[in-house]
Protein chains: 2
Amino acid sequence: MAERFDEDSLRAVGVRIDAEHPEGIIFDPHQPQLRVTDLAAVRGDGIFETMLVKDGHVRKFPAHLERLQRSAKITGIGIPPAESWQAAVARGLDEFRTRSGLPEELSIRLTASRGVDGEPASEDSSFAGTYWVLLTPVPESVQASRGAAISVTLLDRGYDAAAAERAPWLLLGAKTLSYAVNMAALRWAKEHGHDDVIFTSSDGQVLEGPISTVLLGSRDGNGQVHLHTPSPEVGILPGTTQATIYRAAEAAGWTTSAGPVTVAELKQAQFLWLTGSVKLVSPIAQVDELEFTTDPEITHKLLEFLSQEG
Amino acid sequence: MAERFDEDSLRAVGVRIDAEHPEGIIFDPHQPQLRVTDLAAVRGDGIFETMLVKDGHVRKFPAHLERLQRSAKITGIGIPPAESWQAAVARGLDEFRTRSGLPEELSIRLTASRGVDGEPASEDSSFAGTYWVLLTPVPESVQASRGAAISVTLLDRGYDAAAAERAPWLLLGAKTLSYAVNMAALRWAKEHGHDDVIFTSSDGQVLEGPISTVLLGSRDGNGQVHLHTPSPEVGILPGTTQATIYRAAEAAGWTTSAGPVTVAELKQAQFLWLTGSVKLVSPIAQVDELEFTTDPEITHKLLEFLSQEG
């Protein structure tokens, strides 16, 4: 049974998943929901995904569930089956529909924590942790900022590009809740007059943004567009937005590739973007002191590729 | 006013600090206390300290508050003044005294999160986040394990020793809630037959344990003991337990030093320990395949140094 909401709470809807509610149960995210002994809050020991809902359709839901499962495997956190997440998301969307109408856009965050320290919530490892879905309307400012040119700063992530393969305990391929460094890097960028960050490895490889994927592009004399992105082997997340763009771009006759990108190569790129599930596509007009041309036509096309999918 | 506890809950006591309760208010840690939008749970965006209470006395309280302030400064998280934390801890201890009697030993965790995303709890930056103290009896198994020899594995932390100085956004000197990697390293160690971990830098420097400080020791022909520890410049936390040991050791006529330690030097050490606030002192009998002699007399003395302080 749904708890009562005050009107204000319709800004966000929460859905908890547990062994007794494998299809989710609504909660008010403005009320306390987690114990302070939950490992999400104790040690950032959990994993997550963020997805976009546009006009009631969840974009790239299978890709996000797949990446959540990948994070779960790397971290050894048991998670509910895909059907549970799907049912919980559907329940959350219904709650919006019933109570205030569905906003044009929602951001949905799936979170799985390892659970309460020393007290598994269930003997079934798929429900031993703490699981919730949070649905939040996408602010108009975020919607309006899509496709707008940004300035980024290159920041050293501290790791070399081989660390992921050498040291699996660094969890480099998992999207964990331990994001304090990602947030600190974004704060650093803003304090230094930039909008976002591109992380580099200590040995000069381009990695990813704190919450985005890096995309390089070029257009030859015949107007043929080629896209390139750093490959996940360097210890970064496989980008679900970049993957969707690639599928549509290839269908449109563009060429694509993934592989190592050095900082020098980044600086010589013709066009650059950051891509992400909610902000979608941000053309980069500046990397530290270096200015870049943006190509509104390609950017528009990239946004179109993403809207085709949903 | 204190909330009601069921008897079971006396296993732990929580004290929340906020602008309206600068001296803390008791809560039941077995009940939900945090919103899912609290940045502690969203992104491991907070800081903490763990302290030991023995016979009602909080050990090294000033050193822990100092280190919490250091973490707060590095991360830009506002925290309540020292008096608030002191009052909240006193309130938590009183709660134990009143309700079930004070256990011989308690572990106390101070946690400060950046607060609820986009909704500061107070205009006063010292109370803008979410703050709580958690008091938990120390399990007998932990008490019994003190001074017992352990086996550790060396694991690469991925960073080189200069990363901390070069890249402040990595927050390497702060004790943040983003501890997923520390926990993953400990799980890795246990899966491979070890009790604990010593992190090394990618360029071969000895760093620290995931939740402890590394201590090297030697005894010369005259019985003179010398202690050595890696210095914080390599991006590790200053050890409060190690600092207490050093003060007492120097007073006892031992010599001490801090500085870089290579993996080769670690392997040639005469004696090794991990030190921490709750487990105190663990002599190391094995580093991966390499066996070490332990010196029960020195270990006993180290434990004695720590008990002098409280």
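The values are calculated or read from the model by the stated rules, or taken from the named source; none is laboratory data. What you see is a predicted model, and the numbers here were worked out from it, not measured in a lab. Neighbour counts are summed over all protein chains in view; Cβ atoms, including those assigned to glycine, are modelled from backbone coordinates with ideal geometry.
Tabulated data
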| quantity | calculated |
| --- | --- |
| Enumeration of residues in the stretch A:204-227 that are under 25 Å from the mean Cα position of the chain (by Cα) and charged (D, E, K, R) | A:GLU208 |
| Strands (runs of 3 or more DSSP E) wholly inside the stretch B:87-190 that include at least 3 residues being under 26 Å from B:PRO32 (Cβ atoms) | B:105-113, B:130-137 |
| Of all residues in the stretch B:112-132 being small (Gly, Ala, Ser) and surrounded by fewer than 23 Cβ atoms within 10 Å (Cβ to Cβ), the one that is modelled with the lowest pLDDT | B:GLY118 |
| Any hit, the stretch A:301-309, residues being exposed (fewer than 15 other Cβ atoms within 10 Å of the Cβ), without any contact (Cβ under 8 Å) to a residue 60 or more places away in the chain, in a loop (DSSP other than H, G, I, E, B) and assigned by TED's automatic domain parsing to the domain that holds A:SER151 | no |
| Close pairs (9 angstrom Cβ cut-off, 6 or more residues apart or separate chains): more than 9 Å from every other protein chain (Cβ to nearest Cβ) and closer than 19 Å to A:SER178 by Cα in the stretch B:160-178, in a helix (DSSP H, G or I) and modelled with pLDDT of 95 or more anywhere | B:GLY173/B:ARG70; B:GLY173/B:SER71; B:GLY173/B:ILE74; B:LYS175/B:ARG67; B:LYS175/B:LEU68; B:LYS175/B:ARG70; B:LYS175/B:SER71 |
| For B:ALA148: the one exception among (1) within 22 Å of the chain's Cα centre (by Cα); (2) away from chain A (no Cβ under 14 Å); (3) free of Cβ contacts under 8 Å to residues at least 40 places away in the same chain | (3) |
| Residue match in the stretch B:133-140 (condition: surrounded by fewer than 17 Cβ atoms within 10 Å (Cβ to Cβ), under 21 Å from the mean Cα position of the chain (by Cα) and more than 12 Å from every other protein chain (Cβ to nearest Cβ)) | yes |
| Residues (among the small types (Gly, Ala, Ser), in contact (Cβ under 8 Å) with a residue 24 or more places away in the chain and on the phi < 0 side of the Ramachandran plot) located in the stretch A:229-258 | A:SER231, A:GLY239, A:ALA243, A:ALA248, A:ALA249, A:ALA252, A:SER257, A:ALA258 |
| Search result, residues across the stretch A:191-221 that are in a loop (DSSP other than H, G, I, E, B) and on the phi < 0 side of the Ramachandran plot | A:HIS192, A:HIS194, A:ASP195, A:SER201, A:SER202, A:ASP203, A:LEU207, A:GLU208, A:PRO210, A:ILE211, A:ASP220, A:GLY221 |
| Qualifying residue in the stretch B:14-35 (condition: touching a strand residue (DSSP E or B) at 6+ places or on another chain (Cβ under 7 Å), over 30 Å from A:LEU134 (Cβ atoms), aliphatic (A, V, I, L, M) and buried (at least 18 other Cβ atoms within 10 Å of the Cβ)) | no |
| Residue check, A:ALA87 among the small types (Gly, Ala, Ser), over 20 Å from the mean Cα position of the chain (by Cα) and more than 30 Å from A:LEU303 (Cβ to Cβ) | yes |
| Residues of the stretch B:62-111 that turn out to be touching a helix residue (DSSP H, G or I) at 6+ places or on another chain (Cβ under 8 Å), among the small types (Gly, Ala, Ser) and modelled with pLDDT under 95, as a count | 1 |
| Leading residue by the ranking (surrounded by the fewest Cβ atoms within 10 Å (Cβ to Cβ)) among those in the stretch B:89-102 that are touching a Leu at 6+ places or on another chain (Cβ under 9 Å) and not charged (D, E, K, R) | B:SER100 |
| Candidate set: the stretch A:24-45, residues that are part of a loop (DSSP other than H, G, I, E, B) and touching a residue at least 60 places away in the same chain (Cβ under 8 Å); chosen: the one nearest to the other protein chains (Cβ to nearest Cβ) | A:GLY44 |
| The stretch B:46-86, residues that are without any contact (Cβ under 8 Å) to a residue 40 or more places away in the chain, among the hydrophobic types (A, V, I, L, M, F, W, C) and either in contact with a Gly (Cβ under 6 Å, 6 or more places away or on another chain) or not in a helix (DSSP H, G or I) (or both) | none |
| Residue match in the stretch A:144-152 (condition: β-branched (Val, Ile, Thr) and in the same structural domain as A:TRP273 (by TED's automatic domain parsing)) | yes |
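Residues checked against (1) more than 13 Å from every other protein chain (Cβ to nearest Cβ); (2) under 26 Å from B:ASN182 (Cβ atoms):
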| residue | (1), (2) |
| --- | --- |
| A:ALA180 | no, yes |
| A:ALA185 | no, yes |
| A:GLU191 | no, no |
| A:PHE199 | no, yes |
| A:VAL206 | yes, no |
| A:ARG219 | yes, no |
| A:GLY223 | yes, no |
